[in-house]
Structures are given as structure tokens and as C-alpha cells.
1. Given Cα pairs under 8 Å that are at least 6 residues apart, what percent is the relative contact order of the range 276-352?
2. In whole angstrom, how far apart do the alpha carbon centroids of the range 286-358 and the range 124-146 sit?
3. How much of PHE325 can a 1.4 Å solvent probe reach, expressed as accessible area in Å² and rounded to 10?
4. Consider all pairwise Cα distances in the range 30-98 and report the whole-number % of them above 14 Å.
5. Say each of SER46 and ASN313 gets a label point 7 Å from the Cα, pointing the same way as Cα to Cβ; how far apart are those two points in nm?
6. If the cut-off is 16 Å between C-alpha atoms, which lysines fall inside it for LYS285, apart from same-chain ones fewer than 8 positions away?
7. Excluding ligands and nucleic acids, what accessible area in Å² is computed for ARG353 using a 1.4 Å probe, to the nearest 10?
8. Would you mind getting the accessible area per residue of the range 218-328, heavy atoms of the protein chains only, 1.4 Å probe, in Å²?
Amino acid sequence: MDFARRASRLDSLLLRHQPWWRFNAYAGAAATHLDNHKSLRDYLHSLSPAEIHNLQGDDQGLLTALRPHFEPATELAELINITPAGPPLNPQEPPKGIPGRKWQQIHAFIAAHTNMHRPILEWCAGKGYLGEAISQHYQLPVTALEIDPQLVAAGNARAKGDSPLRQIIRCDVMSNDVHQQLTPAQHLVALHACGGLHQRLLRLAVAHNSPQLSLAPCCYHRFNDTYTVLSQQFKNSALHISSNDLRSAVRQTNTARHGETSARRTLQAWHLGLRELLPVLGADKTTALPSLPQHWSKRSFAEFAQAQLDHKNIRHALPGGLADFEQTGWQQLHRAEAIDLLRMAFRRALELRCVLDSLLYLQEHGYQCSLSEFCSASLSPRNLLIQAQKSP
């Protein structure tokens, strides 16, 4: 794969079509950029809630559906198409204490490799589940780094009864202490290390001339006060991506529990309905409203509205006809979810831009790199795997 060429095309496409992926359909502003795209607008307005839900969790399916109405969809579909790594290992029952979905992700991560023979350093390891599986499968020594002392203790308790090859060390990978944990012979691995944490790993791999690296990145906006590109190619780009933009890259609910999705949507609808109610109460429709925990979705719209008004010190009795405002909120949510599909159409492209930045950075420092999807999106939407080996 020519990473530099794909990065150039992707960057150009994102730069040209910023109004589509930087528009917040839930903010209440009219989607005026749809006015000159009647076919697209009519298509989005025709979608049922079930159709919207299905498209929200399927990047390629969404682009296929949009293609007759949305010119960028064809090129987007081509650019985000990444080859799967290969079939997973034979399924096994997860060891005691490891969640089944996590175990499947770990097995797929390991199966994507054909070249694990060095001592392993696991990054941001949690309880060290990945290192445990690698140690058992390849009989390799594993050192795992984790900042949370409870996770370190739990992971070492597992390792004690399992294999003398494994140890978890309490270490803040963002601190200078991490340097003493890296040696020139290690294969660095990280499964779902978030933004600033995996960028730190990349920088240290280069600084320590690490011979081999395997990284499945995640949540590109986290642990980054300001998102900073690594590669020279993207440093020269006219497009600047914010941490807030990168939240769009990981906005997927296809692995969320049904109850969580339902609760989130209820609170969103009530939030929109309350905004329609505010002017009736003499308040500004754009008044900042706090987010409430999901358990509030088990209450009523009236209780939700009253709690929000109390928080904002709006002393006004709730009027009659609240059901109409609640219904309006649900209608607005449906409309916003349909329009937001356009931002979602660029979701994988934004993620891939971050991943290509990492790949180009490694190539600039003498690494031979590959990129694949190590598992299905239904198992984990964050399924991109970078493998890098220092050139001889």
C-alpha cells in the first residue's frame, strides 16, 4: 500500500468537504448546506429510525447507500477500504476473568501476526490480558506497563499462577520513568491504546530504535490536549484536525448495549424537546444545559425538564402540554440523526488520517509498515492494526 499517496488523496478529500463533516446536526442550526442537494436531502428525510440505526454502525454500507445522492461517497469508500488481516485463531473459551468480547479481540490481534519472536513489551496493559495470551501462545517473556495500581495487582495475581514469563509493572508511560523499561530487543505491542498514549509509544519506539511494533490505536482525541500530527507530510497539510473533530472518528454505537443506546437517545430527545420549551418559560433557547446521567432516562420528561430548570435557576412552573414538547424532541432527534449520517460518512476517513499519520511517521524513521483490519467492525470498530519493523 502506498501510504503517502493514500494520505494525500484522503487529506485533499477531507479538505474539500469540510462543511459535511464539521457540521453538528444536534446543535439546532439549520443544515443550509443541504439546500442545493435535493436528492440527498429527500433521501435522508425518507429514512426510518431502524434504517438510520443500521447505517450508523456500517461505514461501507452507509457509503453504498449514500452513493447515488452524495458525490464524495465513492472516493470515500475506496480510500477507507483496508484488507482484513486473515482468519482468526480457532475460537476457544476465554480464560476465567477475561470478558468474551475482549478475548475475541485479543485472539484476532494475535492471529494477524506471523512474526512474534522477540520479548514483548505491552503498552497500557490493564490487567495484561493481551500479554497473557501472547505468552501462552508463543512462550515469550512479556513485560506489561500499566498506571493503575489495582489493575497491576490484579494482573500480577493472574500471572503468578500462570507463567513466570509475565510481569506487570506500575508505570506512567507519559513520564520519564518509562525509558528504563525499553530495551533494544523488544517487540512493542498495544491493543486499543488511546490517542496521546499511542503517540507517546510511537515517539519512544523511534527514539529507542525499537525493532518491532504492533499497534491497534483507539480514541484519538484522548490524552491529547491538542491533537498534534507526527509525520512531515501532514505537518505540511493545510488541514488542521482538532481533538473535537476526532470525536467524530470514534462515534459508533454498534458495540454498545441496547439499553445504553436507548437511554442516550431518550436523553437526547428530551434535551431537544426542552430547548423548544425554554422560550415558553421566558428563557433563551440556546441556554447551556448540563448532561445528566443515563439513569435519568428512567424518569419522565417532566422530571427531566424540572431538574434542568432547577439547575439553571429558572423559576417557572412547567406548563401543560408537555407531551407535545417531548414529541417535538423525538421528531428533531430523528431529523438530526438522519443528517448526522453525513458526518458519519467521513468518520472512518478521519480515523484513517490519524493512522496514516502514524504509518508515515514510522516510515520516515526507517520502518517497513503494513496496515490491516485485525477483526470485524462488529467485534470492535477500532480494528485497524499497524505493524512495523525496523528496516535492516
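1. Once normalised by length, the contact order is 30 percent.
2. 41
3. Ignoring ligands and nucleic acids, PHE325 comes out at about 40 Å².
4. It works out to 72 percent of all Cα pairs.
5. 5.2
6. LYS312
7. Result for ARG353: roughly 10 Å² accessible.
8. Working: 6090 Å² over 111 residues.
Solvent-accessible surface per residue comes out at 55 Å².
The values are calculated or read from the model by the stated rules, or taken from the named source; none is laboratory data. Computed from a predicted structure; not experimentally measured. Here the Cβ is made from the backbone with ideal geometry for all residues, glycine too, and neighbour counts use every protein chain on show. Only protein heavy atoms, including side chains, enter the accessible area calculation; ligands, DNA and RNA are left aside. Shrake-Rupley method; radii C 1.70, N 1.55, O 1.52, S 1.80 Å.
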